[in-house]
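Comments concern the structure below.
The values are calculated or read from the model by the stated rules, or taken from the named source; none is laboratory data. Everything numeric in this text was worked out from a predicted model, so none of it was measured. Because the Cβ atoms are built from the backbone with ideal geometry, glycine has one as well, and the counts that use them run over all protein chains shown. These area figures cover heavy atoms from the full protein model, side chains too; ligands, DNA and RNA do not enter into them. Shrake-Rupley method; radii C 1.70, N 1.55, O 1.52, S 1.80 Å.
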Amino acid sequence: MKARDPIADLRRIAFLLERANEATYRVRAFRSAARSLAALAPAELAERA
């Protein structure tokens, strides 16, 4: 089974929320979380995931 990419998952959720016309703050929260994870070292991200 292929490992999930948490950053891609968060970005996908943000996209789907935006497409469903959900509240802007929710979309921003998921995009912000994706940016925060992208700033982590790959080893730290793997440990947290």
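Observations, loosely collected:
- Pairs with Cβ under 6 Å, 6+ apart, first in region 4-27 and in contact (Cβ under 8 Å) with a residue 12 or more places away in the chain, second assigned to a helix (DSSP H, G or I) and open to solvent by 70 Å² or more (accessible area, probe 1.4 Å): 14/31; 17/26; 27/18
- Complete set of residues in region 17-35 that are of a type in the set (A, V, I, L, M) and surrounded by fewer than 12 Cβ atoms within 10 Å (Cβ to Cβ): 20, 23
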